[in-house]
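Please read the structure below before turning to the comments.
Derivation of every value follows stated rules applied to the coordinates shown; laboratory data play no part. Just so it is clear, the structure is predicted and the values come from calculations on it, not from any experiment. Note that we place each Cβ from the backbone using ideal geometry, even for glycine, and neighbour counts take in every protein chain shown.
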């Protein structure tokens with residue numbers, strides 16, 4: 001091979017080597033950029049997922065937070081009521097002990113006066129020479145025998161007085177010990193009640209702050225609207241499920257004989273349908289939240305209320321609007337303490353936001369019977385009764401069923 005060709009090849013190889021050397025860093029740089037881009041994309045994706053998860057937790061947490069707070073608040077209120085009962089009993093016992101101590105003081109004072117008289121009499125007798133000299137002073141044996149019996153009777157009386165005095169003193173000391181123990185117990189109960197009240201106040205403050213955010217902040221309000229809409233769907237599905245279970249139970253029950261009345265649901269079906277426009281009100285109040293489509297005056301959000309809110313003071317008695325059977329009692333998210341009555345013929349009434357429930361599932365109730373008390377459980381607007389009428393699982397306008405107000 002000629003020197004010219006070798007020089008050309010060497011030059012070509014040198015050029016190629018330089019080109020390859022220049023290309024390698026570029027490829028490494030491009031690969032590094034892509035890896036950094038990938039890591040940045042993954043980081044952003046992870047952050048977005050975390051934000052989405054946090055948002056989902058917060059969106060699903062308003063009602064659950066409210067529910068948890070209300071349950072804790074309810075527990076605190078019940079504990080306060082229990083402590084109040086214990087304090088009342090302790091105060092009553094203290095009053096009884098104080099009266100017993102006063103009586104024992106009076107009794108012991110009289111016993112002390114009687115013992116003092118006997119001591120004065122014995123002292124006078126001792127000054128005169130003593131009981132033996134007095135007894136032997138007489139010459140008549142019969143008289144001496146009588147005097148001896150008299151002295152023995154007096155000695156027995158004195159012994160009884162001393163025993164009674166000791167019993168009174170021991171009883172007085174015992175009751176004073178009990179009184180002191182009861183007073184210490186009362187002090188402890190009062191301190192415990194104050195602590196429970198402080199915790200209840202904190203829970204109530206947390207609840208008020210949450211409700212204030214729902215009222216004042218659009219994000220919280222819209223979140224709550226979504227959750228309440230979902231709660232309404234869950235309630236509708238729940239009622240339909242209860243209805244299906246009730247159908248299956250009725251199907252398994254053999255038909256009643258002519259001589260015996262049927263189960264409550266059978267008698268009530270057509271009866272309830274005839275009560276349209278004539279149902280007694282479950283509470284004596286006025287409608288403060290109407291049935292149907294609602295538009296929030298501030299945020300413009302649209303919702304649909306399947307029942308009515310009736311405004312009454314907390315603690316107002318809730319009565320059954322018609323005879324029926326208690327189908328469900330318990331807490332239902334978005335409605336608080338809820339009572340569902342089955343009136344037969346696939347007619348149901350629902351009573352929500354109750355402070356307490358006074359009936360049990362499966363219990364037959366009469367029209368006008370007290371089934372609970374009004375509260376603010378699950379309510380965003382304070383104490384009120386939420387009332388629904390449903391037929392075959394579908395909500396009806398309750399105002400078309402209730403007696404018109406004059």
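Numbers below:
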item: Spin-label model distance (nm) - residue 84 vs residue 187, 7 Å beyond Cα toward Cβ; result: 2.5 nm
item: Computed label-point distance, nm, for sites residue 44 and residue 403 using a 7 Å Cα→Cβ extension; result: 6.8 nm
item: Computed P(r) (all Cα pairs; the range 224-400; 10 Å bins; percent); result: 10, 39, 35, 12, 3, 1, 0
item: Segment residue 241-residue 317, extension gain: residue separation times 0.36 nm, minus the distance between their alpha carbons; result: 24.5 nm
item: Estimated FRET transfer efficiency when R0 is 60 angstrom, pair residue 204-residue 156 (beta carbons, to 0.05); result: 0.30
item: Spin-label model distance (nm) - residue 195 vs residue 106, 7 Å beyond Cα toward Cβ; result: 4.1 nm
item: Mean-position separation - Cα centroids, the range 325-397 and the range 68-102, in angstrom; result: 31 Å
item: Length-normalised contact order for the range 224-400 - Cα pairs under 8 Å, 6+ apart - percent; result: 23 percent
item: Least to most buried among 350, 242, 385 (fewest other Cβ within 10 Å first); result: 242, 350, 385
